[in-house]
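This report refers to the structure that appears directly beneath it.
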Amino acid sequence: MKNLFRLKDCTAEEIQHILDTAEECRKGVYDDSLCNKIVANCFFEPSTRTQYSFNTAELRLGCKVITFNPAGSSLAKGESFYDTVKTFESFGIDAIVIRSAEDEYYRCLDGHLGIPVLNAGDGKKDHPTQSLLDLLTIRQEFGHFEGLKIAMVGDIRYSRVAHTNIEVMERLGMKCYVSGPEEYREEGYEFIDFDQAVKEMDIVMLLRVQNERHERPMQISTEEYHQRYGMTAERVKQMKENAIIMHPAPFNRGVEIADEAVECSHSRIFKQIQNGVYVRMAVILRAMEKEHE
Ligand code: CP
C-alpha cells in the first residue's frame, strides 16, 4: 500500500519514476481499467485545482469518485477528523485523497488505515502533488533539474508549496532562493533581492499571500506589495530569454502578478495546472500498484 504523505519519504528515483508515469499519462499511455475502484476526495479545506484535478485524474483512469462535502457532513455534530476518515474506509473505498488545514494531519491516520492516503496538502507543511506538477513542468521545459536556479517569492513562511519544493528541488540538484517581504521570510533559506532574482533566475515562482493563515494583516498595502514584489510587465522584460514564471495558484492579479504577466510568453501557470492532472493520475496508479515499469 503506497501512501503519499510527503515527498521527503520518496527517493529521487521514485520521484523521477512518478514523473515518467505522468509523462506517459500525458501521452495517453495508461491503464484505465480502475473501474472497480472507488476513490474518496475529502477536502476539509477549500480547493479548486487540487480537488478537481484529482477528480479529473480519477475519472480518466476509470475510477468511481466520492466527493466529501464538509459543510454538509457530521463534522457539524462534533464528529472528529479521524472518525470521519475511518468512516470512509469502512465504506470499502480503495483510496482516499485528503486536504486539511492541520500540519501533518496524516500522523493520526498512519498505521490505522488499510487504504492508501494521498496528501492533497496539509497546513503549511507539505503539498506533494503540487511539487510533482511543478517538477514535471520544469523537466518538460529544461529537460533536467541539475544546476537550475529558482527563486520563490512571497509568503514563504506559510507556504506548504515553498517548503515541499525547496526540500525536493535542492535534492534534485537545483539551487533555491527565497525573496519577498521580511515578515514572511524564514530562517534557513538563502535570500535574494527580488529584482536581482528576476534578472538571474531560470525560474521565478510567485506565491500568494496566504491571509487565511495569518494572525495579523499584512504590514504593507497590496499596492506596495505589487510595486516591490509583484511580477509586473516591466519586470517580465528583465527576465532571461528562456526563463519561466510559475505560480501554484490561485493567484491574485495586481498583487503578486500583473494581469499582463499571467499569460505572457514566459508564464507556465496554466501548463502547471494541466500537468496537475497527469501527476495525480500517476500517484493514483502508484497507490493502486498499477504504475508502468
Ligand atoms: N495550488 C493549489 O493547491 O490550488 P488549490 O488550493 O485551488 O487546490
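The values are calculated or read from the model by the stated rules, or taken from the named source; none is laboratory data. Just so we're clear, the structure is a prediction, and the values are computed from it rather than from any experiment. Positions of Cβ are generated from backbone atoms using ideal geometry, with glycine treated the same way; all protein chains shown enter the neighbour counts. For the accessible areas, the whole protein counts, side chains as well, though only heavy atoms, and no ligand, DNA or RNA atoms are used. Shrake-Rupley method; radii C 1.70, N 1.55, O 1.52, S 1.80 Å.
Within region 118-130, is there a residue that is under 16 Å from M201 (Cα atoms), touching a residue at least 12 places away in the same chain (Cβ under 8 Å) and touching a helix residue (DSSP H, G or I) at 6+ places or on another chain (Cβ under 9 Å)? There is no residue in region 118-130 that is under 16 Å from M201 (Cα atoms), touching a residue at least 12 places away in the same chain (Cβ under 8 Å) and touching a helix residue (DSSP H, G or I) at 6+ places or on another chain (Cβ under 9 Å).
Residues that are charged (D, E, K, R) and more than 16 Å from the ligand (Cβ to nearest atom) were ranked within region 93-128; the one that is most open to solvent (accessible area, probe 1.4 Å) is R107. The set of residues in region 11-29 being touching a residue at least 60 places away in the same chain (Cβ under 8 Å) and either open to solvent by 10 Å² or more (accessible area, probe 1.4 Å) or among the hydroxyl-bearing types (S, T, Y) (or both) consists of A12, H17, D20, T21, E23, E24, R26, V29. In region 48-66, the residues that are without any contact (Cβ under 8 Å) to a residue 40 or more places away in the chain reach residues that are of a type in the set (A, V, I, L, M) and open to solvent by less than 40 Å² (accessible area, probe 1.4 Å) with C-beta atoms within less than 8 angstrom, at least six apart or across chains, in these pairs: G62/L34; K64/V39; V65/V39; V65/A40; I66/V39; I66/A40; I66/I93. Of all residue pairs spaced 6 or more apart or on separate chains, those with beta-carbon atoms under 6 Å, a first member in region 91-111 that is without any contact (Cβ under 8 Å) to a residue 60 or more places away in the chain and a second member that is aromatic (F, W, Y) and exposed (fewer than 15 other Cβ atoms within 10 Å of the Cβ) are C108/Y82.
If you check T84 against the conditions, is it in contact with a Leu (Cβ under 8 Å, 6 or more places away or on another chain), among the hydroxyl-bearing types (S, T, Y), more than 15 Å from the ligand (Cβ to nearest atom) and at pLDDT 95 or above?
So T84 fits the description; yes.
Would you check which residues across region 163-193 are in a helix (DSSP H, G or I), surrounded by fewer than 20 Cβ atoms within 10 Å (Cβ to Cβ) and in contact with a strand residue (DSSP E or B) (Cβ under 6 Å, 6 or more places away or on another chain) and list them?
Scanning region 163-193 gives a single hit, E170.
When H247 is tested against (1) under 21 Å from the mean Cα position of the chain (by Cα); (2) under 26 Å from F270 (Cβ atoms); (3) exposed (fewer than 14 other Cβ atoms within 10 Å of the Cβ), exactly one condition is not met: (3).
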